[in-house]
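Throughout, read-outs are computed from the coordinates displayed, never taken from laboratory work. The structure presented is a predicted model; accordingly, all values stated were derived computationally and were not measured. Please note: Cβ atoms are built from the backbone with ideal geometry, for glycine as well, and neighbour counts cover all protein chains shown.
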Amino acid sequence: MSDDNPPMEAYRYPDGSITYPGHPVGPGGEEPVGTVDLSEYTATVLTWTTSTATPPGVRQPNTLAIVEFDVDGEPVRAIGQVTTEDVEIGDEVEPVYAEELREPGAGIREPESQEWDGYQFTPV
Amino acid sequence: MDRVAIIGASMTQFGQRDAWIRELLAEAGQAALADANVSPDEVEHLYVSNMASGEFEGQTGVPNALAHDLAAMPAYTARIDQTSSSGGAGVYAAWQSVASGASDMTMLVGGEKMTHRSTAEATDVIASLTHPAEYKHGVTLPSFAGLTARLYLDTYDAPRESLGKVAVKNHKNGLDNPHAQFRKEVDLDTVLDSPIVADPLRLYDFCPITDGSAALVFCPESVAREYTDDYAVISGIGGATDTHVVHERADPTTMGGVVNSSEIAYEMADLEPDDVDVAELHDMFTILEFLQSEDLGFFEKGEGWKAVEEGVTDRDGELPINTSGGLKSKGHPLGASGVAQVYEIYKQLIGDAGKRQVEADVGLACNVGGFGNCVTTTIMESR
């Protein structure tokens, strides 16, 4: 990852669990105690789909995957776009930064209500 | 304790309708009151299940509009929004209003007006329930279904054809439902050759976009006997949530909200899954019928697909599922669907389901919001 890119920030909680995205309170009911930059790790594809009926402002087709990172023995899952349609369950992928995953304002959600950049996954 | 009875019900024609949300709700509400032989001024609580009339149509304040249109003032009114499970949540609210003693006559009307929007726009309105981390990637409810279906087929070594057979079964059932959006049989080849929507799922694995409304009238069982001999009772009901972020679930092929809500409902009813004679499940996507049939305890995990293959869930099978045609054939007007599920079970239990009639003393409806994010399970029995 480039030093200029924001981190793919997951939250770590006192019980050792990690979630992406982070939450004010973790699965064990406690507030986070730190963060992990998932862009420094690779992940394994748990499942994937290619969606052909996409909403306004979304690329078509849109290949998506749920992937699982192994952060020092702690599993962390994430969902995101895949850079190719050539993907299979069990593939190893790495996060790659994209400035705009979807056109802000094209859909129903207020453009200022959330961020639109993030990390796609590309096969290693 | 006085049980909560349903003494009247109605549903409008589902499909592409000229009517707008106010008119759809009034049509179903008026018909349900007539069916129950209840006058509008007897209604003490009036609930409207609706996900997004403001987003779809620019019409808010629908409960008050309905109360006025039906001359049901001064009934207490509230809108129940729990996305696709708004109907089930409305059943819960209506049951609660009667069971608590707050109301002796409650009406629930669920409805949605959607078809004036393009498929892309309607998909986006529904996808707005997702977490920002999902929404920015263009994640939609159909894409969750594709992701889960692939994992299910891979994990349990289920054939792709088994999903198609859910669509075939439910379309066949819908043929005998005069209110269904699609009264047309489809064969397996048609399902498997239809265009891909979210690989491996295809067009016929998905429910349509639908306009429609359904309504139910609730009262204590002691009051019900004053109106009719044909009523059904709610013997168990449970509501539960699962994670908002879908990929954070330990097992993506298990819907925790279904497991938890049904456990509550079974315990309240003092019944087991084996006691259920007929069920309406939330088959917004074919894969959801497998997941719910397993998470409700009807079949072992990973075995739901075999039940469909073996005809167990056919109308003449051991456990008929979606005799109404399900969301798949009947249609899915978001806020109406959970109400229409209970409408079908009510009709089955009072013996008024026409050609769809099966032998049933116990029925179950499972209404799912999001991708299992919010769930209401309702168990009903004949009187």
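Things worth noting here:
- Its residue count N fixes a reference of 2.2 N^0.38 Å for the range B:22-105, and the Cα radius of gyration divided by that reference is 1.05.
- Average beta carbon contacts from partner chains per residue of A:54-66, 10 Å cutoff: 6
- Relative contact order for the range B:178-314, counting Cα pairs under 8 Å that sit 6 or more residues apart, in percent: 18 percent
- When the Cα gyration tensor is reduced to axis lengths a ≥ b ≥ c, the ratio a/c is 1.5 or higher for chain A, and with a/b not above b/c it is classed as oblate.
- Here the range B:119-141 and the range A:64-108 have alpha carbon centers that stand 16 Å from each other.
- Spin-label zone in the range B:99-138 - amide nitrogen under 18 Å from a point set 7 Å from the Cα of B:TRP20 along the C-beta vector: B:111-118
- Descending Cα extents along the principal axes, the protein assembly as shown, whole Å: 74, 48, 45
- Computed over chain A, relative contact order equals 22 percent, with contacts defined as Cα pairs under 8 Å that lie 6+ residues apart.
- Sequence-separation-based contact order of chain B, relative, with Cα cut under 8 Å and 6+ spacing, percent: 26 percent
- Listed peptides B:273-279, B:253-259 by packing density, highest first (mean Cβ within 10 Å): B:253-259, B:273-279
- Between A:ASP15 and A:GLU30, residue separation times 0.36 nm minus the direct Cα-Cα distance comes to 4.6 nm.
- Degrees between helix B:141-156 axis and first principal axis of chain B (Cα, 0 to 90, nearest 10): 60 degrees
- With an a/c value of 1.5 or above and a/b not larger than b/c for the gyration tensor axes a ≥ b ≥ c computed over the alpha-carbon atoms, the range B:144-252 is described as oblate.
- Helix-only CD estimate at 222 nm, as mean residue ellipticity for the protein assembly as shown, using -39500 (n - 2.57) per DSSP H run (n ≥ 4): -9000 deg cm²/dmol
- Gain upon complete extension [B:GLU300, B:ASP41; 0.36 nm per residue less C-alpha separation]: 88.4 nm
- Residue-span extension gain [A:TYR41 to A:THR83] - 0.36 nm each, minus C-alpha spacing: 13.4 nm
- Protection proxy ranking, peptides B:202-210, B:296-304, B:336-344, average beta carbon neighbours within 10 Å, highest first: B:336-344, B:202-210, B:296-304
- Cubic angstrom per residue, convex hull over Cα atoms of chain B: 117 Å³
- For B:LYS184, the lysines whose Cα comes closer than 28 Å to its Cα, not counting residues fewer than 8 places off in the same chain, are B:LYS113, B:LYS165, B:LYS169, B:LYS172, B:LYS306, B:LYS328, B:LYS330, B:LYS347, B:LYS355.
- Applying both filters, DSSP loop and at most 11 other Cβ atoms within 10 Å, to the chymotrypsin sites (Phe, Trp or Tyr not before Pro) of the range A:15-121 eliminates every site.
- Remark: spin-label model distance A:GLN60-B:LEU192 equals 2.8 nm, labels positioned 7 Å along the Cα→Cβ axis.
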